[in-house]
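The structure appears below as structure tokens.
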Amino acid sequence: MSDLQPAAQPLCDATHDPALRSWVASANWPDADFPIQNLPLGRFRPVGRDPAQPEPLRVGVAIGDQVLDLKAAATMCPWADEVHPLLEPLAAGDLAAFMALGRPAWRTLRAALSAALAEGSDQGPFLESCLLPMAEAQMALPCRIGDYTDFYAGIHHARTVGALMRPDSPLLPNYAWVPIGYHGRASSVGIEGRVKRPQGQTRSKDSGEGGAPHVGPSKRLDYELELGLWIGAANALGEPVAMAQAEDRLFGVTLLNDWSARDIQAWEYQPLGPFLAKSFVTTVSPWVVSFEALAPFRRPPVRPADQPAALPYLESDFNAAHGALDITLEVWLQTAAMRTRGEPALRLSQSNALDACWTPAQLVTHHTSNGCNLQVGDLLGTGTLSGPLPEQGGSLLELSQGGRQPLTLPNGEQRSFLEDGDTVTLRAHCRAPGAVRIALGTVSGTVLAA
Ligand code: MN
């Protein structure tokens, strides 16, 4: 692990050069999600001819509308000596083992992939046969997730949801000081696109004070627009990670949908927080965009004017200058009726990760501040990333004001919460002056009946 303070290193290098083009033509298309400046890693297997004999998983790089198969590339292409040992775990489908090699290795691989995929590269002719169209890659979770923690860093989400319950004091007194989080369920995180409506215990006003709760399918199923942060370096139990080292623990970012059953949540959450209202499924996008790729999109965090400065253990010079991520986030909805009529998905909201109250590094430092050991492959959810305006809510709970103001869709359908057959798709992209646009891809899920 490098002991260098990240602030001492230049954020951008030759791999971010906006003039760089790839010999993979689709990577140069305007508004491509995966230009050569992005180079996200994901785990996949080629869709085989015989489903009974699936090919082994391996790690690939998204480039344009293609996937570069690193299992094939490790053997079919000449590489510099220092690159071979980095390709070995990736060829074996073990992204966690690659992440465990640390940031110098991540940078070496990124530079090698950038050079190999660049226009005019000597390696191009060897790598052409290692490409497969994205449609022929069956994606899997990037790695086994040891632990999953979900935070609550979106202050506009916290304020709006708090106001539904406590109009006079939406934010609890600890919000400004503590990055609030809870331990989520790692086993139910997936990339699978089907979301079975959960059953659960709920108690509505109809049950009356002291009345017995009802058991049945959730009637208030919702999504949460979040980023997933992938931990790439471990800390030992009892050894907190200071802010100066926190960036080196962060490997990359995906989209994360924290599917939520609001009626189950409302009845069960006191006094210990979310439980079965969240653990029925969480979905993530399959391509992990590295913090190196995000370098042109790092910004100073801006805390809302009415919030106090963070305590010193959550501050660093690097964080003050570059801690936040400028990522535009979107939620799209296509109902079953829209699909039947051939109507395209509708954008429900747009917001930006800059509006979070806490940065990724602050989440890592706070999580480990008691000595808790994060491990390679752990996943941190940021919390719902809503913007300051009502139409920028990152959940239906916010957009429908707790179900009191249903949304009317252009085709006349109404939504307070999700109906069976609804498909929710999260998207995210980054733009900055002097940088090529990159994107995180998508995570999509369709609600199935309970
Ligand atoms: Mn959440």
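None of the figures in this text is laboratory data; all of them are computed from the coordinates on show. Treat the numbers as computed from the prediction; the structure is a model and nothing was measured. Methodologically, a virtual Cβ is constructed for each residue, glycine included, from the backbone with ideal geometry; neighbour enumeration extends over all protein chains shown.
Taking H placed 1.01 Å from N in the peptide plane, check which residues at least 5 places from residue 443 or on another chain put their amide H under 5 Å from its amide H.
Hits under the 5 Å cutoff: 426.
Counting other C-beta atoms within 10 Å, and keeping those with at most 14, which DSSP coil trypsin sites (Lys or Arg not before Pro) do you find in segment 135-205? Display every interim value, and only then the final one.
Working: sites: 144, 159, 185, 194, 196, 203, 205; in loops: 144, 185, 203.
Answer by residue number: 144.
Once you place label points 7 Å from the Cα toward the Cβ at residue 270 and residue 201, how far apart are they in nm?
Spacing of the two 7 Å Cα→Cβ label points: 1.6 nm.
Apply the Karplus parameterisation 6.51 cos²θ - 1.76 cosθ + 1.60, with θ equal to phi minus 60°, to every residue of segment 71-76 and state each ³J(HN,Hα) to the nearest whole Hz, in sequence, with x for glycine and proline.
5, 5, 5, 5, 9, 8
Please check which bits of segment 407-448 a label hung off residue 299 would reach, taking the label as a point 7 Å along Cα-to-C-beta and the cut-off as backbone N under 11 Å.
The answer is 431-433, whose backbone nitrogens lie closer than 11 Å to the label point.
Loop-only GluC sites (Glu not before Pro) in segment 188-280, please: DSSP not H, G, I, E or B, and at most 16 other Cβ atoms within 10 Å. Mind dumping the intermediate values first?
Details: sites: 192, 209, 224, 226, 247, 268; in loops: 192, 209, 224.
Loop-located and lightly packed - 192, 209.
Which of 199, 414, 270 moves the most in a Gaussian network model of the chain with Cα springs under 10 Å?
Top of the fluctuation ranking is 270.
If each of residue 239 and residue 119 carries a label point 7 Å out from its Cα toward its Cβ, how far apart are those two points in nm?
It is 4.7 nm.
Assuming a viscosity of 1.567 mPa s and a temperature of 4 °C, what translational diffusion coefficient in µm² per second does Stokes-Einstein assign to the chain, Rh being the Kirkwood radius over Cα pairs? Numbers along the way, then the final one.
On the way: Rh = 22.7 Å.
Answer, rounded: 57 µm²/s.
What residue among 304, 274, 179 shows peak mean-square fluctuation when the chain is described by a Gaussian network model with Cα springs under 10 Å?
Looking only at 304, 274, 179, the largest GNM fluctuation is found for 304.
Read phi for every residue in segment 359-372 and hand back ³J(HN,Hα) as whole Hz from Karplus 6.51 cos²θ - 1.76 cosθ + 1.60, θ = phi - 60°, with x for Gly and Pro.
Each residue's phi maps through the Karplus curve to give 8, x, 4, 5, 5, 5, 5, 5, 4, 9, 5, 8, x, 4 Hz.
With each run of n ≥ 4 DSSP H residues scored as -39500 (n - 2.57), what mean residue ellipticity at 222 nm is computed for the chain after dividing by its residue count and rounding to the nearest 500 deg cm²/dmol?
Values: 12 runs with 85 residues, N = 450.
Calculated at 222 nm, the ellipticity per residue is -5000 deg cm²/dmol.
List every residue whose amide H lies under 5 Å from the amide H of residue 180, counting only residues 5 or more places away in sequence or on a different chain, with H placed 1.01 Å from N in the peptide plane.
Here 152 satisfy the definition.
Relative to the present Cα-Cα distance, how much length would full extension add between residue 341 and residue 315 at 0.36 nm per residue of separation? If you can, show how the numbers build up before the last one.
Details: separation 26, 0.36 × 26 = 9.36 nm, distance 5.20 nm.
Length gained, residue 341 through residue 315: 4.2 nm.
Taking the Cα centre of the chain as origin, work out the dipole magnitude from +1 charges on Lys and Arg Cβ and -1 charges on Asp and Glu Cβ, in debye rounded to 20.
Values: 34 positive and 47 negative charges, 194 e Å.
Charge dipole, the chain, about its Cα centre: 920 debye, nearest 20.
For segment 1-108, what does the alpha-carbon gyration tensor say about shape, rounded, prolate or oblate, given a ≥ b ≥ c as the root eigenvalues, a/c under 1.5 as rounded, and a/b over b/c as prolate?
oblate
Under a plain spin-label model, where a point goes 7 Å from the Cα along Cα-to-Cβ, how far apart in nm are residue 25 and residue 138?
So the two model labels end up 3.0 nm from each other.
Between 255, 230, 116, whose Cα lies farthest towards the positive end of the dipole of the chain when Lys and Arg beta carbons carry +1 and Asp and Glu beta carbons carry -1, centred on the Cα centre?
It is 255.
What is the extension gain from residue 178 to residue 12, computed as 0.36 nm multiplied by their sequence separation minus the C-alpha to C-alpha distance, in nm to one decimal?
Details: separation 166, 0.36 × 166 = 59.76 nm, distance 3.15 nm.
So the chain would gain 56.6 nm between residue 178 and residue 12.
Only loop residues by DSSP count here, and only those with at most 16 other Cβ atoms within 10 Å; note down the chymotrypsin sites (Phe, Trp or Tyr not before Pro) in segment 248-316 that meet that.
On the way: sites: 251, 259, 267, 269, 275, 280, 287, 291, 297, 313; in loops: 259, 269, 275, 280, 287, 291.
In loop regions of segment 248-316 (DSSP not H, G, I, E or B), the sparsely surrounded chymotrypsin sites (Phe, Trp or Tyr not before Pro) are 269, 275.
Quick one: Karplus J couplings for segment 421-436, per residue in order, coefficients 6.51, -1.76, 1.60, θ = phi - 60°, nearest Hz, x for Gly and Pro?
Along segment 421-436, the couplings run x, 5, 10, 9, 10, 9, 9, 8, 8, 10, 10, 7, x, x, 10, 7 Hz.
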